[in-house]
Amino acid sequence: MKYISTRQQQATNIKTAILKGLADDGGLFMPEYIPQLDSQFFETLPNLTLQEIGFRVAKEFLGESISDDNLKEIIDEVLNFEIPAVKISENIYSLELFHGPTMAFKDVGARFMARMMSYFSEGKPMKVIAATSGDTGSAVASGFFGVPGIEVYILYPKGKVSPLQEKQLTTWGGNIKALEIDGTFDDCQALAKQILSDEELNQKFTLTSANSINIARLIPQSFYYFWAFAQLQKLGKPIVFSVPSGNFGNLTAGLFAKKMGLPIHQFVASTNENDVVPKFLETGNYESKPSKQTISNAMDVGNPSNFERMKSLFNNDVSEFKKEIKSYSFSDEATKKAMQEVKKDFNYTLDPHGAVAYLGLQALRQAQSDKINEDFVGVLFETAHPAKFVEVVEDVLKEQIEIPEKLEAFNKREKKSVEFPVDFEAVKNYLIQEK
Ligand SMILES: *Cc1c(COP(=O)(O)O)cnc(C)c1O
């Protein structure tokens, strides 16, 4: 399997695609075609374990670049926690993706990427650059913490992540450095891109990215969809996924799963007021905007990086895009109301991101209310544990929620970060000094 950049038909192998992160032309790597899983796989799917699914799916993308034994070992390490589809109501399930070490779905992608990079780097020293609006950084930090030969630099927007998220970014020490940028997430993302494409820095170091732009982050995110099917296929209804979206990595991975043969009925791309993609599907015009701050801040993205990948999957055909993906945007007010409603009606606590996904399912049902035979099972991705957004959740629900021990441990540790203005040269000098 070759990997090609979204901007040029330049081909490379998976090892280079993973180690580089971003292609030389600024594009994102994509597999040259989406592999197909055979009918036998789908017949046995309900009986497979999460780890078996992960291995089979990953193998399709990695081919002979890694031995079965090595890949199995990595998959077993990455997927060593539960991802249950929890019933909220008759036709709504919450796929709880937050049972990993930092309690957000990004744990899966970050852990897989860290291990694949370490495997492919063959012990050569490397600097990993990650911009985060919240949860990416902590999952990346956790995934790479203590991996020998790899230094990780996390750029996050000062004052725009929750206190607990900040603790999860800044308290690791060791090979994990937190850079606190006096700007927005988009500034952080732009700085990271600049670092990664800087000639001088690339001469001095082996640099790579760890955002959802890395193909190694994307591949394992497709496992969730297969795993949800394995759990819910027995209900015998079409399955719709509502994905709370920021950079659209999760959603793009879902498109992979569908192209591999998984009979996903419909995708709902649910966003907060950062509505570039819903607007695009409405008007056919893609217009990036500065990001707006919301209570679902891991989705405060004004120029979603995976849009380029989605476009290439749909061959730039807007009508294809529209057929596959319905997209809705929701205000903070609506999100808060949904959290209260779900708590009151079903006694289930959603975090703000999961609540946006819940609203997406509601919106789809409403849009289809005139069509009979459109009964479906809605699966919302619960991308973070509510305790990760404790201030918002407690304020909205007017009650205290329990903080899991795993998270409490971060609160007790001491913050260490280096502050920067939005100034590439300053960040660059720091990296050079760091050697
Ligand atoms: C990153 C994140 C998202 C958005 O995921 P994308 O793949 O960037 O669209 C949603 N919810 C939470 C909690 C996140 O951390």
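The values are calculated or read from the model by the stated rules, or taken from the named source; none is laboratory data. Computed from a predicted model, the values in this text were never measured in an experiment. Reconstructed Cβ throughout: ideal geometry from the backbone, glycine too, with neighbour counts over all protein chains shown. Quick note on the areas: whole protein, heavy atoms, side chains included, nothing else; ligands and nucleic acids left out. Shrake-Rupley method; radii C 1.70, N 1.55, O 1.52, S 1.80 Å.
So which helices (runs of 4 or more DSSP H) stay within the stretch 168-237 end to end and still have 1 or more residues that are open to solvent by 10 Å² or more (accessible area, probe 1.4 Å) and in contact with a helix residue (DSSP H, G or I) (Cβ under 8 Å, 6 or more places away or on another chain)? Don't jump to the end; show me each part of the working.
Details: elements: 185-197, 199-204, 215-221, 223-232.
The qualifying helices (runs of 4 or more DSSP H) are 185-197, 199-204, 223-232.
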So, in the stretch 325-353, of the ones that are surrounded by 20 or more Cβ atoms within 10 Å (Cβ to Cβ) and assigned to a helix (DSSP H, G or I), which residue ends up farthest from the ligand (Cβ to nearest atom)? Val342
Check off (1) part of a loop (DSSP other than H, G, I, E, B); (2) under 23 Å from the mean Cα position of the chain (by Cα) for Ser369 and give me the number that stays unchecked. (2)
Do we find a residue being open to solvent by 20 Å² or more (accessible area, probe 1.4 Å) and at pLDDT below 90 anywhere in the stretch 124-132? yes
Selection within the stretch 99-123 - modelled with pLDDT of 90 or more and surrounded by fewer than 21 Cβ atoms within 10 Å (Cβ to Cβ): His99, Pro101, Tyr119, Phe120
The listed residue being in contact (Cβ under 8 Å) with a residue 24 or more places away in the chain and either away from the ligand (no atom under 16 Å from the Cβ) or assigned to a loop (DSSP other than H, G, I, E, B) (or both), out of Asn303, Asn315, Asn250: Asn303
Limited to the stretch 402-430, what total is found for residues that are of a type in the set (A, V, I, L, M) and modelled with pLDDT under 95? 3
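Inside the stretch 269-291, can you point out the residues that are over 19 Å from the mean Cα position of the chain (by Cα) and not in a helix (DSSP H, G or I)? Can you show your working first?
Going residue by residue through the stretch 269-291, those that are over 19 Å from the mean Cα position of the chain (by Cα) are 279-290.
Listed by number, the residues that qualify are Gly284, Asn285, Tyr286, Glu287, Ser288, Lys289, Pro290.
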Could you list, in sequence order, all residues of the stretch 393-419 that are of a type in the set (A, V, I, L, M, F, W, C) and either part of a helix (DSSP H, G or I) or closer than 22 Å to Ile176 by Cβ (or both)? Val393, Val396, Leu397, Leu407, Ala409, Phe410, Val418
The stretch 258-273: number of residues that are surrounded by 24 or more Cβ atoms within 10 Å (Cβ to Cβ) and either farther than 16 Å from Gly354 by Cα or within 10 Å of the ligand (Cβ to nearest atom) (or both): 4
Considering residues of the stretch 381-403 that are crowded, with 17+ Cβ neighbours inside 10 Å and of a type in the set (D, E, K, R) only, the residue farthest from the chain's Cα centre (by Cα): Lys388
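Could we say that Val128 is within 22 Å of Phe248 (Cβ to Cβ), touching a strand residue (DSSP E or B) at 6+ places or on another chain (Cβ under 8 Å) and not in a helix (DSSP H, G or I) here?
In short, yes.
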Can you find a residue that is more than 26 Å from Tyr153 (Cβ to Cβ) and within 16 Å of the ligand (Cβ to nearest atom) anywhere in the stretch 406-424? no
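Can you pull out the residues in the stretch 376-391 that are closer than 27 Å to Phe229 by Cβ and of a type in the set (D, E, K, R)? I'd like the intermediate steps shown before the answer.
Taking the stretch 376-391 first, the residues closer than 27 Å to Phe229 by Cβ are 376-386, 388.
Passing the criteria: Glu382, Lys388.
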So Phe29 ticks every box in (1) under 28 Å from Pro238 (Cα atoms); (2) not in a loop (DSSP other than H, G, I, E, B) but one. Which box is left unticked? (1)
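Conditions tested, residue by residue: (1) farther than 19 Å from Leu407 by Cβ; (2) of a type in the set (S, T, N, Q).
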residue: Ser118; (1), (2): yes, yes
residue: Gly123; (1), (2): yes, no
residue: Ala131; (1), (2): yes, no
residue: Ala139; (1), (2): no, no
residue: Gly146; (1), (2): yes, no
residue: Ile154; (1), (2): no, no
residue: Pro157; (1), (2): yes, no
residue: Pro163; (1), (2): no, no
residue: Trp172; (1), (2): no, no
